[in-house]
1. Taking Cα pairs under 8 Å and at least six residues apart, what relative contact order does region 50-96 come out at, in percent?
2. As an exercise, use a Förster radius of 25 Å and the Cβ-Cβ distance of Glu70 and Thr40 to find the FRET efficiency, rounded to the nearest 0.05.
3. Amide H of Asp115: which non-local residues (sequence gap of 5 or more, or other chain) have their own amide H closer than 5 Å, using H built in the peptide plane?
4. Determine ³J(HN,Hα), in whole Hz, for all residues of region 105-115 in sequence, where each value follows from phi through the Karplus function 6.51 cos²θ - 1.76 cosθ + 1.60 and θ = phi - 60°; x replaces Gly and Pro.
5. Each residue of region 65-78 in order: what ³J(HN,Hα) in whole Hz does its phi give by Karplus 6.51 cos²θ - 1.76 cosθ + 1.60, θ = phi - 60°, with x for Gly and Pro?
6. Please list, in order along region 91-104, the HN-Hα scalar couplings obtained from phi with the Karplus expression 6.51 cos²θ - 1.76 cosθ + 1.60 (θ = phi - 60°), rounded to whole Hz, x for Gly and Pro.
7. Stokes-Einstein at 25 °C, 0.890 mPa s, Kirkwood radius from Cα pairs: D for region 40-120 in µm² s⁻¹?
8. Could you work out the relative contact order of region 40-120, using alpha carbon pairs under 8 angstrom and six or more residues apart, expressed as a whole percent?
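Taken together, the values in this text are just the output of simple stated rules run on the coordinates, not laboratory data. Remember, it's a predicted structure, so these values are computed and weren't measured experimentally. Neighbour counts are summed over all protein chains in view; Cβ atoms, including those assigned to glycine, are modelled from backbone coordinates with ideal geometry.
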Amino acid sequence: MDIDAVRATVTAVKRLPAVARTADAACCPPDGRSRTLPGTASQARAVAVFKALADATRLQVFALVASRPEPICVCDIVSQFDVSQPTISHHLRVLRDAGLVTATRRGAWMYYAADARGPRAARAALDALCAEGCTQSP
């Protein structure tokens, strides 16, 4: 887009009529339903879970760990990814801190298993937010 096109767009936007609103007028009137947000501790847990799963590699690591009926050795996790062992260890620490996986030491190796409480906390947070207000798409 050249500078003349940008100027023309700005000029056109400036010519749009202003919408008069009173101080008490909202663009979306309240629907009368109250939203119950999860408590501070529950909310913090859900935020940690969502942040941990927001990274593509961590999501894949979690999916791998969660797909196993038994704990999986860190060496088997590292072999599935094209990133270094320290990077996988970092991702596993973030998942552990978020409560998504548990770790146990067996000799020199760490074994990881999915912890159902992490996803359960995230589901509860979403359910609390969407209890009455989320709409289903067709």
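1. 44
2. Taking R0 as 25 Å, the efficiency between Glu70 and Thr40 is 0.10.
3. Hits under the 5 Å cutoff: Val101, Thr102.
4. Taking θ as phi minus 60°, the curve returns 8, 10, x, 8, 10, 9, 10, 10, 9, 6, 10 Hz for region 105-115.
5. 5, 5, 7, 9, x, 10, x, 10, 6, 4, 5, 6, 6, 4
6. Listing the rounded values in order: 4, 5, 5, 4, 5, 5, 4, 7, x, 8, 9, 10, 10, 9 Hz.
7. Numbers: Rh = 12.7 Å.
It comes out at roughly 194 µm²/s.
8. 35
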